[in-house]
Amino acid sequence: MAAWSLFSSDIAIDLGTANTLIWAKGRGIVLNEPSVVAYERNSRQLIALGHEAQAMIGKTHRDIRVIRPLKDGVIADFEIAESMLRAFIRRVSTGALPPRRVIVCVPVGITEVEKRAVRDSAEQAGAKDVYLLAEPMAAAIGVGIDVHEPTGNMIVDIGGGTTEIAVIALSGIVAEESVRVAGDEMTNAIIQYFRRQHNMLIGERTAETIKCQIGSAVPLEEEYEIEVRGRNLVTGIPQMIRVTSEEIR
Ligand SMILES: Nc1ncnc2c1ncn2[C@@H]1O[C@H](COP(=O)(O)OP(=O)(O)OP(=O)(O)O)[C@@H](O)[C@H]1O
Ligand SMILES: [Mg+2]
């Protein structure tokens with residue numbers, strides 16, 4: 001065993017638009033946090049990240065910005081994404097050294113420039129060897145598909161920013177399509193719908209709750225209903241209405 005392995009461990013990172021997960025060899029999933037960062041606007045100093053930063057969305061004053069440094073599955077704000085990755089890696093590191101080998105999952109539709117940005121971030125965070133792995137391949141292995149088989153398996157991964165569809169056979173991706181439309185667009189569509197249909201302003205978190213609790217693509221045996229609180233766009237007064245899963249479809 002090489003000496004460094006006593007002090008650092010190998011990790012795999014799913015740097016998602018919505019959530020970041022880190023798996024450490026021998027320890028399993030050690031981090032699962034929203035990919036959200038709160039920072040001081042002028043100094044760009046990190047204030048909070050993950051769940052803590054997400055709780056600040058819509059509640060900050062002018063000097064604090066809360067952002068998601070990834071957009072459509074790729075890095076949008078390089079500096080902030082790198083600080084986030086570094087902080088997350090530090091949080092899960094137990095040894096004296098940062099992890100040496102790091103696998104980062106990336107969307108299949110990613111460009112060379114975007115790949116470079118992901119690789120640089122991981123290297124800046126201390127990783128010596130960085131491997132990029134296509135997300136559908138990681139998903140296939142994760143759900144227990146034998147990816148070496150000479151038969152095709154189709155993976156559809158709907159994330160926050162991207163939807164990845166891939167056919168995997170013989171350890172490779174045979175056909176792929178990456179669409180930059182996913183869960184976030186659905187959340188936004190709900191916000192727009194309330195604005196248009198009910199003259200009501202609802203926040204992103206409310207819209208996401210509606211989507212997750214009563215959202216459906218096909219008619220349900222028993223339709224659901226939920227109470228939604230927001231602000232009337234005309235009067236400015238807070239209001240509450242009930243909506244059904246049928247209406248959200
Ligand atoms: N129960 C649910 N019903 C509908 N949508 C859900 C549910 N749970 C989570 N989501 C949505 O899934 C998305 C997050 O998925 P995921 O964590 O896989 O994304 P990600 O990997 O961070 O993003 P990407 O792969 O695009 O970079 C969010 O838009 C979230 O609202
Ligand atoms: Mg993902």
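Details
- Taking the longest Cα principal axis of the chain as reference, the axis of helix 204-214 is set at about 90 degrees.
- Value of relative contact order over the chain, rounded to a whole percent, pairs C-alpha under 8 Å and six or more apart: 13 percent
- L46 versus L133: modelled label distance in nm, points set 7 Å from Cα along the beta carbon direction: 2.3 nm
- Using alpha-carbon coordinates, inclination of helix 183-198 to the longest axis of the chain, degrees: 10 degrees
- Computed E for V143/N188 - FRET, C-beta separation, R0 22 angstrom, nearest 0.05: 0.20
- Most positive-pole-ward Cα, I155, A138, I202, against dipole of the chain from beta carbon charges: I202
- Neighbour counting of Cβ atoms within 10 Å sorts the residues M154, M240, M200, fewest neighbours leading, into M240, M154, M200.
- Cβ-Cβ distance of Q124 and Q213, R₀ of 30 Å, FRET efficiency by 1/(1 + (r/R0)^6): the value works out to about 0.20.
- The modelled label-to-label distance for the pair R195/R180, using points 7 Å beyond Cα in the direction of Cβ, is 2.0 nm.
- Amide hydrogen neighbours beyond the local backbone of K71, cut-off 5 Å, H modeled: A76
- In terms of its alpha-carbon gyration tensor, the stretch 77-229 comes out oblate; a/c meets the 1.5 threshold, while b/c is at least as large as a/b.
- Rounded to the nearest 10 degrees, the inclination of helix 112-124 to the longest alpha-carbon principal axis of the chain is 70 degrees.
- Theoretical FRET efficiency, 1/(1+(r/R0)^6), r = Cβ-Cβ of E225 and K59, R0 35 Å, to 0.05: 0.80
- Stretched out straight at 0.36 nm per residue, the stretch from I241 to V167 would grow longer than its current Cα-Cα span by 22.3 nm.
- Ascending count of other beta-carbon atoms within 10 Å, so fewest first, for E208, E221: E221, E208
Rule-based calculations on the coordinates, nothing more; no lab input. Values in this document were obtained by computation on a predicted structure and should not be read as measured data. Backbone-built Cβ (ideal geometry, glycine too); neighbour counts: all protein chains shown.
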